[in-house]
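A quick write-up on the structure given underneath.
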Amino acid sequence: MVSFNNGEIKKSYFDGQVNGNNSSRVGGLAGYNSGLIEDCYALGRVSGKDEVGGLVGKNITALIINAYSQVDVYGEERVGGLIGFNYISTISSSYSQGEVKGKEKVGGLVGYSKRAEILDSFTENKKAKISGQYKVGGLVGHNEKAEIVQAFAKKNVQGKELIGGLVGGNEKGKIRDSYAEANVSGQYFSGGLVGGDQEGVIENSYVKGSISGDEYVGGLIGVNAYGTIKDSYVIGKVSGYNCVGGLAGINGGDIKNSYAKGDVDGFEFSGGLVGYNNEGVLKDSYAQSTEEMKRKESYEGWNFEYIWDIDEDKSYPYFQWGKNKR
């Protein structure tokens, strides 16, 4: 519809196909956005090479509000259901529902988010999977020095390395008040929420689903390298061969006040919480029963006044902000 936007696009839509062949910066509504996009949507199919998105291919110093994409998106690198590459920009109250397929930095909403914000946004539709090879996530493929707040992904995710239900690779990024309900399948560094974290922060999060891989497989995270994880839990089945854990496959960071309930099936270095704790720190974290996970008293130090809620003896903790989205 628009090759380059440096102005405002409001209450507009795209319905059709964009075939970018070997081109970069390909999107259903705009190839390159450096302005405002509000109350817009895209339907159909979009394909290209790099920086390919259902709505926008490349989003720089921009703002996207209340937008959605029901587009099947195909590319190679930085491929996303809504945005291919999101840099120093904000995405708010937006979602995507289509299939996304690429090779590297592939996400259900955003392929690659750098120094940016994703707020109150989500991906869903488990029939339309997210697939790639490296850094593949249900919401974001690679999250670098960027923030994700009040977001969720309900997508099945498949790839080879650094595969996550919400984020494939989290590099010095922050993820909070977010969750994933997904089946995740990878080979190396596979996690229900994040495939691999490097010096990032994961706080107030949860996972429900099935996670499988060969090596470094975790219910919440495949590998935690100098990152911080707190006030999070996992419900699901985790299976792999080497370094398999209910929360983390391999931990070299800090894990606090976090819990896991589920089946862990591994061969070497397998544990209910962590497969291999590589100079990491675990504090006040446990593998718990179903009954314990449904009791408020089991979650030491958690904020049930403003962030979490629970139906005592009936439900697992859920977010207050998500009551109408469960």
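The C-beta contact set for region 164-175 (first residue at negative phi, second residue at pLDDT below 95 and surrounded by 24 or more Cβ atoms within 10 Å (Cβ to Cβ), distance under 9 angstrom, 6+ apart or interchain) comprises GLY164/ALA182; GLY165/LYS155; GLY165/ALA182; LEU166/ALA182. Restricting attention to region 198-222, the residues being among the hydrophobic types (A, V, I, L, M, F, W, C), under 11 Å from GLY164 (Cα atoms) and in a strand (DSSP E or B) number 4.
Summed over region 291-326, residues that are outside any loop (DSSP other than H, G, I, E, B) and either under 25 Å from the mean Cα position of the chain (by Cα) or touching a residue at least 60 places away in the same chain (Cβ under 8 Å) (or both) total 8. Could you tell me whether GLN17 is touching a strand residue (DSSP E or B) at 6+ places or on another chain (Cβ under 9 Å) and closer than 20 Å to VAL136 by Cα? So GLN17 does not fit the description; no. If the condition is being in a loop (DSSP other than H, G, I, E, B) and crowded, with 22+ Cβ neighbours inside 10 Å, then region 100-111 contributes GLY102, GLY108, LEU109.
Counting just the residues of region 271-288 that are of a type in the set (S, T, N, Q) and at pLDDT 95 or above, which one comes out farthest from TYR318 (Cα to Cα)? Here the residue is ASN278. Only a single criterion out of (1) closer than 16 Å to LEU220 by Cα; (2) surrounded by fewer than 18 Cβ atoms within 10 Å (Cβ to Cβ); (3) of a type in the set (S, T, N, Q) is not satisfied by SER289, namely (1).
Exactly one residue among GLU161, GLU203 is of a type in the set (Asp, Glu), in contact with a strand residue (DSSP E or B) (Cβ under 6 Å, 6 or more places away or on another chain) and surrounded by fewer than 21 Cβ atoms within 10 Å (Cβ to Cβ), and that residue is GLU203. Pairs linking a residue in region 236-254 that is at pLDDT 95 or above to a residue that is among the basic types (Lys, Arg) and surrounded by fewer than 19 Cβ atoms within 10 Å (Cβ to Cβ), with Cβ atoms under 8 Å and 6 or more positions apart or on different chains, are ASP254/LYS283.
Note on region 67-98: among residues that are over 15 Å from the mean Cα position of the chain (by Cα) and polar (S, T, N, Q), the one that is nearest to ARG115 (Cα to Cα) is SER89.
Is it the case that some residue within region 49-60 is under 26 Å from the mean Cα position of the chain (by Cα), among the basic types (Lys, Arg) and surrounded by 22 or more Cβ atoms within 10 Å (Cβ to Cβ)? Yes: region 49-60 contains one or more residues that are under 26 Å from the mean Cα position of the chain (by Cα), among the basic types (Lys, Arg) and surrounded by 22 or more Cβ atoms within 10 Å (Cβ to Cβ). Between ALA180, ALA146, ALA153, the distinction of being more than 9 Å from the chain's Cα centre (by Cα) and either assigned by TED's automatic domain parsing to the domain that holds ILE83 or in contact (Cβ under 8 Å) with a residue 12 or more places away in the chain (or both) belongs to ALA146 only.
The values are calculated or read from the model by the stated rules, or taken from the named source; none is laboratory data. Remember, it's a predicted structure, so these values are computed and weren't measured experimentally. Quick reminder, even Gly has a Cβ in these numbers, built from the backbone with ideal geometry, and neighbours come from all protein chains shown.
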